[in-house]
Each structure stands twice: as structure tokens, then as C-alpha cells.
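One structure is given here, and the rest of the page talks about it.
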Amino acid sequence: MAMWKGSLRLFLSRYLHTTASAQKGPVNTKDVLSKLRKKTGFPFSQCSNALRKHDYDLEKAEAWMRKQAIKEGWAQATKLQNRPMSHGLIGVMEEKNSAVVVEVNCETDIVARNEQFHKLTSRVTSACFEYVKSQPQNKISLTNDQMNALVGSDGEPLKDVVAMAIGNIRENLAVRRAVGLNATGNSYIHHYVHTLSNCPEIYGKCKLGKYGSVVVFKSVFNRDRTDKVVKNLGHQLCVHVVGMKPKTIGSKEDKPCENGDLETRIIFQEFLLDTGKTVGEFLQENNIEIVDFAQFECGEELPEEKKTPVDEPDKQEGVANVN
């Protein structure tokens with residue numbers, strides 16, 4: 001009796017499995033392989049191996065591949081973490097009253113022109129933009145650690161997205177910094193990106209380049225401006241910010257530097273697009289004020305990264321100089 005029941009269970013199990021497979025129909029392996037390759041961007045050989053491991057179940061194969069890629073990417077990232085990164089891209093995204101400028105670094109210029117790196121920069125910029133526009137502050141600065149903790153639209157943390165990219169590209173990569181601005185009230189927002197040769201200006205909704213800026217400005221007398229006028233004024237200010245690299249806005253009560261080349265307050269700087277006037281005079285002519293701005297140059301040395309020179313031993317305090 002027990003043997004009969006066991007045989008019956010085995011028969012039913014095989015029958016149900018065969019019936020279910022017949023209902024699904026034959027799997028078009030080439031079609032599934034093509035879909036997995038398109039979704040993941042991994043080589044065909046890896047996609048084929050993952051599908052065979054999971055009986056050509058697309059979802060299971062994709063989940064397994066991403067898990068493996070993250071694992072391998074982190075291992076690769078650990079090996080490459082001390083290699084310097086002086087290249088990369090600036091990503092800028094603007095929509096309605098919000099904008100963000102982001103820097104992502106890599107080791108070589110060749111990788112900076114690689115489509116996989118363009119995609120990575122776009123994903124990082126998009127995640128930062130979604131975070132910025134959800135915040136109440138007018139200005140948000142994000143560090144490397146804060147950026148890595150963000151989650152993209154696909155639900156993956158940026159740190160894992162970067163790790164996977166490192167595994168694929170085989171070069172040290174890192175998100176470096178981001179600044180976002182939100183325009184409120186009667187303020188306007190505009191951006192500018194200085195693109196590179198052989199690099200797409202736009203990848204998705206993200207603009208890519210070597211330099212990028214975002215400026216928020218407003219009308220002094222609450223005048224309504226046409227979109228054309230706003231874009232023109234915003235473009236000129238953004239180009240100036242990229243070209244002249246001001247540090248602060250400055251105040252009318254301040255005095256300009258005697259040496260104009262050393263001026264870092266934007267309202268006292270010589271206007272890049274019309275050197276016969278200052279930025280302050282340009283603003284006054286157009287009845288506008290700068291509310292805030294942000295500017296990135298890819299690979300530039302930041303104040304907190306500058307190394308303090310170490311004194312020679314015989315010049316250090318408390319050490320006698322014996323001749």
C-alpha cells in the first residue's frame with residue numbers, strides 16, 4: 001500500500017510538471033538571451049550561462065547576474081581603491097524649479113568617453129536630482145558617502161551601482177560630490193554644461209561635460225519675464241560662472257579687489273561676455289539679482305583636499321639647527 005501511494009505521488013508530480021511546461025510553451029532561447037543582454041548590458045556568454053543555470057527563467061537569471069556583478073564589483077573595487085582618478089564627467093539635470101550638478105570620477109579619459117560610464121553618470125545624477133527636489137532647502141550639498149547611500153529609480157543603492165560599473169569597466173570609479181538648488185517664489189533657475197568632443201551632450205535627461213554650472217536668479221521688481229528672456233539671461237550668467245569660477249556673490253557694500261584678476265565675488269568680476277562692464281552692472285541693467293549658484297570643474301582640487309606642506313625637520317618648532 002505504501003509503495004502504491006509513493007508511485008502515485010511520483011506520477012502526479014511528473015504529470016503536473018509536464019502539463020505546466022506544456023502550458024507555458026517552448027522557450028525561445030535566442031529571444032530570452034537577447035532580452036537579458038539588453039536589460040543587463042552584460043556579455044552574451046555571461047547571459048547565456050545565467051539562463052542555463054536557471055532553466056531560461058529571465059527574472060531569476062537577471063537577479064542572479066546582478067547579485068554576482070555586485071559581488072565581483074566590490075571585490076574589484078577593493079583592489080583598485082587606491083588608484084588615482086583625475087578624469088570623469090560632470091552631470092547636470094534640471095526640471096521645473098530644481099537642478100543638480102554632479103561629479104563622477106574615473107582613471108582615464110578613454111573611460112570618460114565610454115558609454116557605460118555615461119550611463120553611470122546619468123544614473124547617479126538622476127538619483128541625486130530626485131533627492132534634491134524632494135528637499136525643502138534651497139541648496140543641498142552631498143558628499144561621497146551621502147551620494148552612495150541614495151537609492152536609484154530601480155531600487156538599487158548607488159554604492160552597488162558604482163561597484164557593478166567597476167566590475168564591468170575594470171577601472172577605479174567614484175561618485176565625488178553633488179550640489180542641488182531649488183528655486184522658490186519668483187526665482188528662475190538655469191544651467192550650462194561645457195561638453196567634450198566625442199562625448200554625447202545629453203544621455204537620457206542628463207547633460208554631460210567637463211564643466212557645469214547652475215544659477216538661481218530673480219527679478220528685482222517682481223517683473224514677469226518671457227521664457228526666452230529668462231533663458232538668455234540665465235545662459236549668460238551660467239557661462240560666466242563656468243569661465244570665471246566665482247566663489248561667492250558678494251555685497252554692494254563691499255569694495256572690489258584692486259587686482260580684478262584676483263576677484264572671486266561674482267558681482268565685482270569683469271563680465272565674461274561683455275568685458276566693458278562688471279557682472280553687477282549687467283545685473284542692474286536687467287533688473288535681476290543672483291540668489292545662488294554652483295559650479296563644478298571635473299578633477300579640480302578642492303580646498304579640503306589640498307595637502308599641507310610638512311616642514312623640514314631642521315625647521316620644525318623645538319628642533320635645533322646644528323651646523
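Over what distance in Å are the Cα centres of segment 91-125 and segment 236-291 separated?
28
Residues with beta-carbon under 9 Å from that of residue 171, excluding residue 171: net charge, scoring Lys, Arg +1 and Asp, Glu -1?
+1
Give me the number: length gained by fully extending residue 119 to residue 264, i.e. 0.36 nm times residue separation minus the C-alpha to C-alpha distance, one decimal in nm.
Answer, rounded to one decimal: 48.8 nm.
Which value, in Å² rounded to 10, gives the accessible area of residue 292 with a 1.4 Å probe and all protein chains present?
40
Considering only protein heavy atoms, what is the solvent-accessible area of residue 190 at a probe of 1.4 Å, reported in Å² to the nearest 10?
In the full protein context, residue 190 sits at about 30 Å².
When a/c reaches 1.5 or more, the comparison of a/b and b/c decides; with that in mind, is segment 140-206 rounded, prolate or oblate per its Cα gyration tensor?
Oblate is the answer for segment 140-206, as a/c is 1.5 or above yet b/c matches or exceeds a/b.
Treating only the Cβ atoms of Lys and Arg (+1) and Asp and Glu (-1) as charged, compute the dipole magnitude of segment 135-254 about its Cα centre; round to the nearest 20 debye.
Dipole about the Cα centre, nearest 20: 420 debye.
For a 30 Å ceiling on Cα separation, which of these pairs sit above it: 67/96; 119/245; 119/231; 139/252; 38/139; 228/255?
Correct reply: 67/96; 38/139; 228/255.
The values are calculated or read from the model by the stated rules, or taken from the named source; none is laboratory data. Only a predicted model underlies this, so the values are computations on that prediction, with no experimental measurement involved. Using ideal geometry, Cβ is built from the backbone for each residue, glycine included, and neighbour counts are taken over all protein chains shown. For accessibility, only protein heavy atoms count, side chains too; no ligands or nucleic acids. Shrake-Rupley method; radii C 1.70, N 1.55, O 1.52, S 1.80 Å.
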